[in-house]
Amino acid sequence: MPKIKIDNDLYERIKNSTELAGYSSVEEFIIHILETQVSQFEEAENDPDVLERLKGLGYI
Amino acid sequence: MKRREFIKKSAIYGVGASLYPYGKLLAGKRNHKLKILVLGIDGMDPHLASVYMHKGLLPNFTRLANTGSFSRCATTFPPQSPVAWSTFTVGAPPQLHGIYDFIHRKPASMLPYLSTSKVNPASKTLDIGDWKIPLIGGNTENLRKGIPFWDYLAAEDIPTSVFKMPGNFPSDSENVRMVSGMGTPDLRGGYGSFTLYTTSPPANADKFTGGMVVPLTFNDDFVETSLEGPVNTMRQDTPKTRIPIQIWRDRINSVVKLNIDGHELILNNGEWTDWIPLTFPMMSFLSEVKGICKIYIKNVHPEFVMYVSPVNIDPSDPVLPVVSSEEYGKELVENVGYFYTQGLPEDTKALSYGVLNDAEYLDLAYQIINERSALLDYELNRFSKLDTGFQFFYFSSLDQDTHMFWRAMDSGHPLHDEKLKQEFGTTLQHLYVKMDQILGNVLERFDINDPNFRLVVMSDHGFAPFRRQVNVNTWLFEKGYLDLPNRNSMESSGYFSNVNWDKTAAYSLGINSLYLNLEGRERFGAVSPSQSKELLKKIGKDLLSLQDPKTGQQAVTNIWTPNEHDKRQHAHVPDMIIGWNRGFRNSWDSILGGLSNEVFMDNDDKWSGDHCIDPALVPGVLFCNRKVTKQQPALADITATILADFGIPIPVQMTGKPLYHV
């Protein structure tokens, strides 16, 4: 499994926020954030219906 | 929300225990007998209300105004419902909640999305043969930031109910009774998608948005077809789920027999069904999705035409969190019946495309009002028995129906004529009277002179004509801010399909938003950040001098340029918000990145009134059974008043001030 290096200070900040954000471990927190961010770009490529769905709103 | 979780959430938004002094609350300032009822009537206009009150048509609104107050209520910039109701929700402007338009875009991909909520698919699935089983992820997300005022109430154990607040999806609160509002999708994942079954498909059927057309061919007066449901994400090939429909027609008696999902229905020409429960199979015997729809037989013969409403999520067995708990959804369905769960139930697209005519649309509109009124009645029954509590209840009808019928009373609208005026010129007046009757039912139940009862009737904005549409992207092209490689084929309804980004400085997306094509932010950014301030200044000056060549009228009366601090709060903040003059709005094409041959065009859509303009021109209404003493009340002030009335300190991030001395 690939590993990445991050700055100690950043790690501590993430660690301090982990419980507050409701995650059980730092690893789970980081994986969720990365998945969320990456999915934004994947969605953009994989969601050709987005314009059609938005056009269902009367305003558009 | 439990108090411990609430304190955590407060810390995330920088409120913190030191700024939210619970000790002070526990000292006993709270009024334990107070009840607050807020009726949200989207789009209720202060001028129209005043005119109808003056005519004596709104006796209940007049009584409320005479008991306490009636005033204008300042709206947000831009005065769009998701923006304005989010401001009411968190008691602060868009800089806090981050909702700036119906549509935002991801700068890195340049693609648009609904600003208020999103549905995230499962991130991990187990693939077995043709089946894809979701394992991890898959959720709904409200994109509004900040703490909604009802979390403060729930943290103090005040019984709280929030019914259909716009921008509030999903309904994710444990301690607040909630039905989600504008932004809630239908079962196909859109924001209202009808199905028209017909033996005579309209010539422009391929242009329809917000709905689909299914051509039919009868054989001996029988045809079998199907109703499209949600995509089956459990299958590898993600097919659309379908429910078979069998139709028999009796041409002599103009009667239809339908069989849909085990329901056998006999319907006359021009008859509506009530809600029909449907089950879409996802995985044999293991997983299914429940929906509801209404059917209208528009014509039996010679051409057969049948309208099926968007398939709504069944609130008694919701596949997405449209209600705060399944029990609450079941309770509502058992006591009141099924109801529209999609964000905006009025089928404005069906009217715009002629799928429903004016009378048919209004028939459905009144069904929606009556359905909502029955839900209010049920909620008020419960609320009246409480010792203390808060209830918010929302009506979308006045807003959506004013959008569609402004043309009938506006002699300056391109679609106005004498026949329309004769038939539908008083439609808006009737709708205001209907809302007055609903208020009358409330006044019969509650004593508005009771010092422990607060009644607020509010709207998020007023209304204005929408006569001329302005294609901002075409205007940007003409002014040299946007480049097209092929100038001879300018007209395009595609999403910026013909734009040369390398030479483009700015583009418009959404109803009021304008963005720079910024280096390091946009996918093909071409404007250096050091140039942005001067460029925005120039575009703003040009916009404010833009005149309609047909009338000579100024098209834009106000602009707002969010500052760098605002942009640091939210990455998606527009670089400029355009405040249109009365009568103008961004064009239908330009909203989603299209260009047209002309900058100015008549608005020939039945969507003929609008409010997405200069906020100074479309304030909302504020009725209250207490005398409002604050000058120029605004939406966030109502939020602050709710907390203050309950004895809850107003958090620092809320910008509103109480409407009267508490």
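The values are calculated or read from the model by the stated rules, or taken from the named source; none is laboratory data. Just so we're clear, the structure is a prediction, and the values are computed from it rather than from any experiment. So basically every Cβ, Gly included, is an ideal-geometry build from the backbone, and we count neighbours across all protein chains shown.
Summary table below
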item: Candidate set: the range B:454-483, residues that are touching a helix residue (DSSP H, G or I) at 6+ places or on another chain (Cβ under 6 Å), among the hydrophobic types (A, V, I, L, M, F, W, C) and within 15 Å of residue B:589 (Cβ to Cβ); chosen: the one surrounded by the most Cβ atoms within 10 Å (Cβ to Cβ); result: B:472
item: Scan of the range B:510-525 for residues that are at pLDDT 95 or above and either of a type in the set (A, V, I, L, M, F, W, C) or not in a loop (DSSP other than H, G, I, E, B) (or both), ordered by number; result: B:511, B:513, B:514, B:515, B:516, B:518
item: Qualifying residue in the range B:112-121 (condition: without any contact (Cβ under 8 Å) to a residue 24 or more places away in the chain, surrounded by 21 or more Cβ atoms within 10 Å (Cβ to Cβ) and within 11 Å of chain A (Cβ to nearest Cβ)); result: yes
item: Residue match in the range B:243-252 (condition: of a type outside the set (Gly, Ala, Ser), within 14 Å of another protein chain (Cβ to nearest Cβ) and either in contact with a helix residue (DSSP H, G or I) (Cβ under 9 Å, 6 or more places away or on another chain) or more than 29 Å from residue B:346 (Cβ to Cβ) (or both)); result: no
item: Any chance residue B:589 is away from every other protein chain (no Cβ under 14 Å) and not aromatic (Phe, Trp, Tyr); result: no
item: First in the range B:148-177 and more than 24 Å from residue B:100 (Cβ to Cβ), second anywhere and small (Gly, Ala, Ser) and modelled with pLDDT of 95 or more, Cβ under 6 Å, 6 or more apart; result: B:159/B:389; B:160/B:154; B:173/B:324; B:175/B:154; B:176/B:154; B:177/B:161; B:177/B:324
item: Flag for residue B:176 being modelled with pLDDT of 90 or more and in contact with a helix residue (DSSP H, G or I) (Cβ under 7 Å, 6 or more places away or on another chain); result: yes
item: Some residue of the range B:386-399 being without any contact (Cβ under 8 Å) to a residue 40 or more places away in the chain and not aromatic (Phe, Trp, Tyr); result: no
item: Whichever residue in the range B:178-229 is in a strand (DSSP E or B), out of contact with any Pro (no Cβ under 8 Å at 6 or more places or on another chain) and under 22 Å from residue B:120 (Cα atoms) and, among such residues, is nearest to the other protein chains (Cβ to nearest Cβ); result: B:228
item: Close pairs from the range B:275-294: first assigned to a strand (DSSP E or B) and among the hydroxyl-bearing types (Ser, Thr, Tyr), partner surrounded by fewer than 16 Cβ atoms within 10 Å (Cβ to Cβ) and at pLDDT 95 or above, Cβ under 8 Å, at least 6 apart; result: B:279/B:261
item: 1 or more residues in contact with a strand residue (DSSP E or B) (Cβ under 6 Å, 6 or more places away or on another chain) and within 21 Å of residue B:385 (Cα to Cα): qualifying strands (runs of 3 or more DSSP E) within the range B:437-509; result: B:453-458
item: So residue B:613, is it part of a helix (DSSP H, G or I) and within 24 Å of residue B:82 (Cβ to Cβ); result: no
item: Selection status of residue A:58, at pLDDT 80 or above, within 9 Å of chain B (Cβ to nearest Cβ), farther than 26 Å from residue B:108 by Cα and outside any helix (DSSP H, G or I); result: yes
item: Residues (out of contact with any strand residue (DSSP E or B) (no Cβ under 8 Å at 6 or more places or on another chain) and assigned to a helix (DSSP H, G or I)) located in the range B:55-86; result: B:59, B:60, B:62, B:63, B:66, B:67, B:81, B:82, B:83, B:86
item: Residues of the range B:265-309 that turn out to be of a type in the set (Gly, Ala, Ser) and closer than 30 Å to residue B:251 by Cα, as a count; result: 2
item: Index of the failed condition, residue B:257 passing every other in (1) charged (D, E, K, R); (2) assigned to a strand (DSSP E or B); (3) under 32 Å from the mean Cα position of the chain (by Cα); result: (3)
item: Pair list, Cβ < 6 Å and 6+ apart or interchain, from the range B:561-583 residues that are basic (Lys, Arg) to residues that are modelled with pLDDT of 95 or more; result: B:567/B:573; B:582/B:464; B:582/B:617
item: The listed residue being more than 14 Å from chain A (Cβ to nearest Cβ), closer than 30 Å to residue B:602 by Cβ, crowded, with 16+ Cβ neighbours inside 10 Å and at pLDDT 95 or above, out of B:388, B:402, B:427; result: B:427
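Here is a yes/no grid of residues against (1) touching a residue at least 24 places away in the same chain (Cβ under 8 Å); (2) closer than 16 Å to residue B:149 by Cβ:
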residue: B:46; (1), (2): yes, no
residue: B:49; (1), (2): yes, no
residue: B:54; (1), (2): no, no
residue: B:59; (1), (2): yes, no
residue: B:67; (1), (2): yes, no
residue: B:77; (1), (2): yes, no
residue: B:90; (1), (2): yes, yes
residue: B:95; (1), (2): yes, no
residue: B:100; (1), (2): yes, no
